[in-house]
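Colleague: My questions all concern the structure below.
The values are calculated or read from the model by the stated rules, or taken from the named source; none is laboratory data. The structure presented is a predicted model; accordingly, all values stated were derived computationally and were not measured. As a convention, Cβ positions derive from the backbone with ideal geometry for all residues, glycine included, and neighbour counts pool all protein chains shown. For accessibility, only protein heavy atoms count, side chains too; no ligands or nucleic acids. Shrake-Rupley method; radii C 1.70, N 1.55, O 1.52, S 1.80 Å.
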Amino acid sequence: MISLPLLERIIRDAGEIALTYFRDLNHLTVDKKSPRDFVTAADLAVEKFLQAKLSEHYPQYGFWGEESGQSKNQTNRWIVDPIDGTHSFSRGQYYWSISVALEIDGVIVAGAVYAPALDDYYCASKGYGAWRNGKTIHVSEIDDLGDAMIGTGFACLRSYLENNNLERFCRVAQATTGQRRLGSAAVDICLVADGQLDAFWEQELNLYDIAAGALIAQEAGATVTDFQGNAGIFPKHILVTNGKIFNQLLSLM
Ligand code: IPD
Ligand code: CA
Ligand code: CA
């Protein structure tokens, strides 16, 4: 189907392009797609590179990137977020990533999330496992929500919504030991896969934010559901847990 080493080489090269911009933020061109929703020259350059390389090596698959939209072949396609965590990137913070998933007949079969500033490369192949920098990863063993460290996200874009995640955050924060808002949903989900977080949830995301991360988490033993507990990859209501605190956290969603 695809070669994971080739995919890694392409994505690491894309990471080098992103890092070139990241090291020279004073000259970074930042535009707004809408109030509070940023796109930089780095997002555009990374997506252009990935589209060119992936279509060169895999012309049989379509391409859906956040910045360029969807191509015609929508059954079998790459799903790409060129920089997940653009706001953090533009401020010189380290939690941002390049997220690439391959969807075949509606199923995510491969996924990679690369955080270039951390030099952490996560990937998974459906049915074969998940890895961080070449080593197999697993979710954590924490089974008491009170001991857990949980990640979430808030988009300024959603601040106008009546249900904007703040009430849910307060409920969870009161029930847990640690909360994190790191700024890249794709990285957050990989941290659950790697046992660095015990769970993550967010609402109103898009498939390109979570497709790769969700497969990586599933392959590392996580439960991936919506806020009702239905198994599957649901961008509008995604809950990723280590499984052991799933019921405790689900009741707070
Ligand atoms: C954003 C990040 C962030 C999440 C936002 C997303 P972007 O993606 O994943 O963590 O809270 O909802 O939009 O815009 O930087 O690609
Ligand atoms: Ca994103
Ligand atoms: Ca993005």
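Colleague: Pairs only if they're at least six apart or on different chains, beta carbon under 9 angstrom, first in region 73-101 and at positive phi, second of a type in the set (D, E, K, R) and within 13 Å of ligand 1 (Cβ to nearest atom); list them, first residue then second.
Modeller: Pairs found: none.
Colleague: Okay, next question. Taking only region 134-152 into account, find how many residues are surrounded by fewer than 21 Cβ atoms within 10 Å (Cβ to Cβ) and either under 26 Å from Tyr61 (Cα atoms) or in contact with a Ser or Thr (Cβ under 9 Å, 6 or more places away or on another chain) (or both).
Modeller: Qualifying residue count, region 134-152: 4.
Colleague: Okay, moving on. Return the residue satisfying two criteria in turn: it lies in region 71-128 and is within 16 Å of ligand 2 (Cβ to nearest atom) and among the polar types (S, T, N, Q), and of such residues it is most open to solvent (accessible area, probe 1.4 Å).
Modeller: Gln93
Colleague: What strands (runs of 3 or more DSSP E) lie completely within region 156-253 and have 1 or more residues being open to solvent by 60 Å² or more (accessible area, probe 1.4 Å) and in contact with a strand residue (DSSP E or B) (Cβ under 7 Å, 6 or more places away or on another chain)? Spell out how you get there, then give the answer.
Modeller: Details: elements: 178-180, 199-203, 223-225, 237-241.
Because the criterion is at least 1 residues that are open to solvent by 60 Å² or more (accessible area, probe 1.4 Å) and in contact with a strand residue (DSSP E or B) (Cβ under 7 Å, 6 or more places away or on another chain), the strands (runs of 3 or more DSSP E) in region 156-253 that meet it are 178-180, 237-241.
Colleague: Just one of the numbered conditions (1) within 12 Å of ligand 1 (Cβ to nearest atom); (2) out of contact with any helix residue (DSSP H, G or I) (no Cβ under 9 Å at 6 or more places or on another chain) is not true of Glu167; which one?
Modeller: So the condition that Glu167 fails would be (1).
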